[in-house]
Amino acid sequence: MKIYGDVLSGNCDKVRFTADQLGLPYEWVEIDSVHGRTRTPEYLAKFPQGQVPAVELDDGRTLAQSNAIIRFLARGSALLPDDAFAQAKIDEWLFWEQNSHEMFVANMIGHMTYKGQSKETREAFRVERGEKALDHMERQLSNRDWLAADHMTLADIALFAYTRNAHKGGFEMSGRPHIRKWIAACEQQLHSA
Ligand SMILES: N[C@@H](CCC(=O)N[C@@H](CS)C(=O)NCC(=O)O)C(=O)O
C-alpha cells in the first residue's frame, strides 16, 4: 500500500498512526499539500478530490478521506471492534471530528502555523466553535480514559491528531487536564507500537 500524505497534516497523521499501530507495511509518498502538489494533473487523475491523505492499495484501488481510510485499515482490529453499536459510537466521534472539531481546531492551527498569522487575527466564530469542541472533549474525558471504549480506538486516533496541537492554534490547554492526560495516554500507546 502507498499512503499519500503531508507530514505536516493531522488528517494524514491519523492514517500513519493507524497503520503503525497495526503494524501494516506501507510506502509513504510525501505530497506538499500547502504548495499545490494535491492539484497537479497526475495527482488529480489518481485522486480526483485533490487532497491528502489518500491511499493506493497494492491492487491499484484508491481511497481518500482520512476517516474512511482508517476505518478500512482497522477493520477486524481492536481499534474498530466488530460489535455494531461499538462501531457506531466510534463513528459518532469520527463524524463529529469532521463537522465540529477539524473545521475549527485544525483550521486555527493552520492559520497560525502554515499561514504564520497571529492569534489575534483568528476568525472569532472558529475560535468559539473550537473552544466548544475542546470543552466537549474535556467533559467527556472527565470520567473515562478513552473516548469510545475501555481501550484506544479509532475515535481516539482521529481526535488525537489535531487536539494534541490545539495549543499551536491558540487554544489554552492548561485548564483542560483531562484532555492533557488523554493526550499523554495516546502518545504512550502510539509510540509503543
Ligand atoms: N476531510 C478530509 C480533509 C482532507 C484535507 O483537508 N486535506 C488537506 C491537508 S490536511 C489538503 O489536502 N489540502 C490541500 C488541498 O485541498 O488542495 C479528510 O479527512 O481527509
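Among the residues of segment 63-80, write down those that are farther than 13 Å from ASP156 by Cβ and more than 13 Å from the ligand (Cβ to nearest atom).
Across segment 63-80, the qualifying residues are LEU73, ARG75, GLY76, SER77.
Among the residues in segment 110-133, are any surrounded by 14 or more Cβ atoms within 10 Å (Cβ to Cβ), among the aliphatic types (A, V, I, L, M), closer than 21 Å to LEU8 by Cβ and within 14 Å of the ligand (Cβ to nearest atom)?
No, the conditions are met nowhere in segment 110-133.
Considering segment 140-182 alone, what residues qualify as being over 22 Å from GLU128 (Cα atoms) and β-branched (Val, Ile, Thr)?
Those that are over 22 Å from GLU128 (Cα atoms) and β-branched (Val, Ile, Thr): THR153, ILE157.
Between a first residue in segment 25-44 that is basic (Lys, Arg) and a second residue that is in a loop (DSSP other than H, G, I, E, B) and modelled with pLDDT of 95 or more, which pairs have beta carbons less than 7 Å apart while being 6 or more apart in sequence or on different chains?
ARG37/ILE31; ARG39/GLY50
Name the single residue, out of those in segment 46-61 being within 13 Å of the ligand (Cβ to nearest atom) and of a type outside the set (A, V, I, L, M), that is farthest from the chain's Cα centre (by Cα).
Across segment 46-61, the extreme among qualifying residues is PRO48.
Can you list the strands (runs of 3 or more DSSP E) found entirely within segment 1-109 that contain at least 1 residues being buried (at least 16 other Cβ atoms within 10 Å of the Cβ)?
In segment 1-109, the matching strands (runs of 3 or more DSSP E) lie at 2-5, 54-56, 62-64.
Just to be sure, is TYR43 more than 25 Å from CYS186 (Cα to Cα) and either within 15 Å of the ligand (Cβ to nearest atom) or assigned by TED's automatic domain parsing to the domain that holds ALA166 (or both)?
Yes.
Within segment 142-189, how many residues turn out to be part of a helix (DSSP H, G or I), surrounded by 19 or more Cβ atoms within 10 Å (Cβ to Cβ) and touching a Phe, Trp or Tyr at 6+ places or on another chain (Cβ under 9 Å)?
13
The values are calculated or read from the model by the stated rules, or taken from the named source; none is laboratory data. Note that the coordinates shown come from a computational prediction; the quantities given were computed from them, not determined experimentally. Heads up, the Cβs are rebuilt from the backbone with ideal geometry, glycines too, and the neighbour counts pull from every protein chain shown.
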